[in-house]
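*Asks:* Structure incoming, see below.
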Amino acid sequence: MSTVEAPLYPIAVLIDELKNDDIQLRLNSIRRLSTIARALGEERTRSELIPFLSENNDDDDEVLLAMAEELGVFIPYVGGVEHAHVLLTPLETLCTVEETCVRDKAVESLCKIGSQMRGNDLIEWFTPLVKRLAAGEWFTARVSACGLFHIAYPSAPETLKTELRSIYGQLCQDDMPMVRRSAASNLWKFAGTVESAHLKADIMQMFEDLTQDDQDTVRLLAVEGCAALGKLLEPQDCAARILPVIVNFSQDKSWRVRYMVANQLYELCEAVGPEPIRTDLLPAYVRLLRDNEAEVRIAAAGKVTKFCQILSPELAIQHILPCVKELSLDSSQHVRAALASVVMGMAPVLGKDATIEQLLPIFLSLLKDEFPDVRLNIISKLDQVNQVIGIDLLSQSLLPAIVELAEDRHWRVRLAIIEYIPLLANQLGVGFFDDKLGGLCMQWLQDKVYSIRDAAANNLKRLAEEFGPDWAMQHIIPQVLEIANDSHYLHRMTLLRAISLLGPVLGSEITCSKLLPVVVNASKDRVPNIKFNVAKVLQSLISVVDQSVVEKTIRPCLVELSEDPDVDVRYFAVQGLQSIDQVTMSS
């Protein structure tokens, strides 16, 4: 039975649930509002359901949040955009509640609805709503109003536009810091809809008022939108009106404001042009790199490569590089980690000579840092340096440090090195790899941490794909198969994992001649964990080898394991036999 044909009795039940004491029932009913609306039809939804929701004074925030979300997609259920205005009343009420997340969702839904409403309807219904909220006695209404001006403004007549700009200006000077914060964070959205002449006069005056606020939370939100605001202005206006504010904020007494400047400075560079960058923003950025608060240095350090990309190499070497050297020795490990995650990207900007002379010592210093995250961040970006200085110099300078990290006491660092090995192998070439790194790859197979052993097995598979089966046959297989006689059962399990990964890469011939006999032999192991892993590996090799080998070698082994005393061994052996039967039937 379709929803439309459904009897109205269940609808009455759902509406009753909205009045129930049980919050879960009320929540379920709100989440099924669209079902109720479809059953009622558009007219009854407008005349009965929406007024009911407008009067519903539920005090549970979770129910109100769900209602605010549902109403944002309710236009089709009230008869389309010509009736969209009926949804404004319940959402206006939700814009005044105390809980922030409910108000935010109500504003979001109002913006969705307003963006679909016709121009005349916006003037008749939406703009009065914005004005009512902006004049609200309780600050929550005024906070919500700030997020709606950019929807109401474009379609308003000239006199109404003037009034809306004036109202927003009053909100920017509201007695409540929460309202001024909302005005600051939404200013750039409103600015995007305002005409150029008023943008330079009214909006920039509001921006300057907010940037001089005595509350640092208001100032930092003004900074957050300054890059978006700057892109709306001509470069010369941006340099004249926004740049001085930002340069001043880079020395603000509140570290939160300086932190926001450090995050926004690069985005602002795109709006002002090259000359102001060199004369004003570069000195401000250098100050932030040397800030006395670690959080500010972290934010600034994370942008160092992006900032260098918009400077000439000479300016980067002269002004940024000395700061980078200081940051690489910073007392905060988090600053060094932030620098390590981006500093490799400076190599293409500075060029080969400057990288060799200036950056390589910094890379080496960070590679030997006592904090694992710093070392990790450097390792993961080595390919950027290789592109600039070439593999020979990279291997001479950084490879000894990489080999040292391969035995690092922190297993995550060892794991990062393993994951980087195939890329390094590709760059070094097969001869160099065999000579310098081949032994390490085998050593990791017997690491005491499972994640390292598993990654090492995956690493062998990727190397076999990179260098081919012949190379693997010569350099991997003999050493891997030696582990079959290892006294530690966990190492023998790693061997089985490696075989299951290498089999599909090496192909049927090598698998049958070299790998399969080792697996069959391991089925006689005294440790049950080994035996059920043998069953799993045999199952994975069914698709690799010929059907005759499956019947002659794999099936008998699995039959034997299916009679093992251990329940897990029997289970996986039976699974393997079922796989063989499925393959046989399909062929």
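*Asks:* By how many nm would the segment from Val286 to Glu563 grow when fully extended, if each residue of separation counts as 0.36 nm and the alpha-carbon distance is taken off?
*Replies:* Working: separation 277, 0.36 × 277 = 99.72 nm, distance 7.29 nm.
Going from the current span to full extension adds 92.4 nm.
*Asks:* Order the following by accessible area, largest value first: Val143, Val324. Probe radius 1.4 Å; ligands, DNA and RNA are ignored. List each step's numbers first, then the result.
*Replies:* Numbers: Val143 25, Val324 0 Å².
From most accessible down to least: Val143, Val324.
*Asks:* Rounded to the nearest 500, what is the chain's calculated 222 nm mean residue ellipticity when only DSSP H runs of at least 4 contribute -39500 (n - 2.57) each, over all residues?
*Replies:* On the way: 40 runs with 378 residues, N = 587.
That comes out to -18500 deg cm²/dmol.
*Asks:* Please work out the C-alpha center-to-center distance from segment 48-107 to segment 306-335 and express it in whole Å.
*Replies:* Cα centroid to Cα centroid, the span is 51 Å.
*Asks:* Output needed for segment 32-85: three equivalent-ellipsoid semi-axes, defined as square roots of 5 times the C-alpha gyration tensor eigenvalues, in descending order, whole Å.
*Replies:* Working: eigenvalues 73, 26, 21 Å².
In descending order, the three semi-axes are 19, 11, 10 Å.
*Asks:* Moving on. What ³J(HN,Hα) values, in whole Hz, does the Karplus curve 6.51 cos²θ - 1.76 cosθ + 1.60 give for segment 451-468 when θ = phi - 60°, with x put for Gly and Pro?
*Replies:* Computed from phi, the couplings for segment 451-468 are 4, 6, 4, 5, 5, 5, 5, 4, 4, 4, 4, 5, 5, 5, 5, 5, 9, x Hz.
*Asks:* For Val102, tell me the accessible area in Å² from a 1.4 Å probe, rounded to the nearest 10.
*Replies:* In the full protein context, Val102 sits at about 0 Å².
*Asks:* Would you mind giving the average projected area, over all directions, of the Cα convex hull of segment 184-233 in nm² with one decimal? Walk me through the numbers before you get to the answer.
*Replies:* On the way: hull surface 11.4 nm².
Answer in nm², one decimal: 2.9.
*Asks:* Calculate the FRET efficiency for Asn426 and Asp60 from the Cβ-Cβ distance with a Förster distance of 56 Å, rounded to the nearest 0.05.
*Replies:* Numbers: r = 58 Å, r/R0 = 1.03.
After rounding, the FRET efficiency stands at 0.45.
*Asks:* Tabulate in residue order the Karplus-calculated ³J(HN,Hα) for segment 349-356, using 6.51 cos²θ - 1.76 cosθ + 1.60 with θ = phi - 60°, rounded to whole Hz; enter x for Gly and Pro.
*Replies:* These are the phi-based 3J(HN,Hα) values: 6, 7, x, 4, 4, 5, 5, 5 Hz.
*Asks:* With each pseudo-label sitting 7 Å past Cα toward Cβ, what's the Ile123-Glu98 distance in nm, one decimal?
*Replies:* Placing both labels 7 Å beyond Cα along the Cβ direction yields 4.1 nm.
*Asks:* Also, quick follow-up: From zero up to wherever the largest Cα-Cα distance of the chain sits, split into 10 Å bins and tell me the percent of pairs in each.
*Replies:* Percent of pairs per bin, in order: 3, 13, 15, 13, 14, 17, 16, 8, 1, 0.
*Asks:* May I pose another question? Kindly report, to the nearest 10 Å², the accessible surface of Lys112 as traced by a 1.4 Å probe over protein heavy atoms only.
*Replies:* 80 Å²
*Asks:* On a full-extension model of 0.36 nm per residue, what is the gain between Arg278 and Thr35, subtracting their alpha-carbon distance, rounded to one decimal in nm? Present the calculation step by step, with values, prior to reporting the outcome.
*Replies:* Working: separation 243, 0.36 × 243 = 87.48 nm, distance 6.05 nm.
Result for the pair: 81.4 nm of gain on full extension.
*Asks:* What FRET efficiency, computed as 1/(1 + (r/R0)^6) with R0 = 41 Å and r the Cβ-Cβ distance, is obtained for Asn458 and Val574, rounded to the nearest 0.05?
*Replies:* Numbers: r = 28 Å, r/R0 = 0.68.
Working from the Cβ atoms, E equals 0.90.
*Asks:* Follow-up question, since we're still on this one. Using alpha carbon centroids, what distance separates segment 215-238 and segment 567-584, in Å?
*Replies:* Measuring centre to centre over Cα atoms gives 66 Å.
*Asks:* Taking loop as defined by DSSP and a crowding limit of 16 other beta carbons within 10 Å, which GluC sites (Glu not before Pro) in segment 293-341 fit?
*Replies:* On the way: sites: Glu293, Glu295, Glu314, Glu326; in loops: Glu293.
Passing both the DSSP loop test and the Cβ count: Glu293.
*Asks:* Please report the Cα spread of segment 488-586 along all three principal axes, rounded to whole Å, starting with the longest.
*Replies:* 32, 26, 17
*Asks:* So between Thr89 and Glu295, what do we pick up on full extension, going 0.36 nm a residue minus the alpha carbon distance? Intermediate values should be presented prior to the final figure.
*Replies:* Values: separation 206, 0.36 × 206 = 74.16 nm, distance 4.40 nm.
Full extension of this stretch gives 69.8 nm more.
*Asks:* Need one value: the accessible area of Lys189 in square angstrom, 1.4 angstrom probe, rounded to the nearest 10.
*Replies:* Accessible area, nearest 10 Å²: 80 Å².
*Asks:* Sticking with this structure for a sec: For a Förster distance of 51 Å, can you work out the FRET efficiency between the beta-carbons of Glu82 and Asn248, rounded to the nearest 0.05? Working shown, then result.
*Replies:* Working: r = 50 Å, r/R0 = 0.98.
Computed FRET efficiency for Glu82 and Asn248 comes out at 0.50.
The values are calculated or read from the model by the stated rules, or taken from the named source; none is laboratory data. On a predicted model such as this, the values are computed, not experimentally measured, just so you know. Because the Cβ atoms are built from the backbone with ideal geometry, glycine has one as well, and the counts that use them run over all protein chains shown. These area figures cover heavy atoms from the full protein model, side chains too; ligands, DNA and RNA do not enter into them. Shrake-Rupley method; radii C 1.70, N 1.55, O 1.52, S 1.80 Å.
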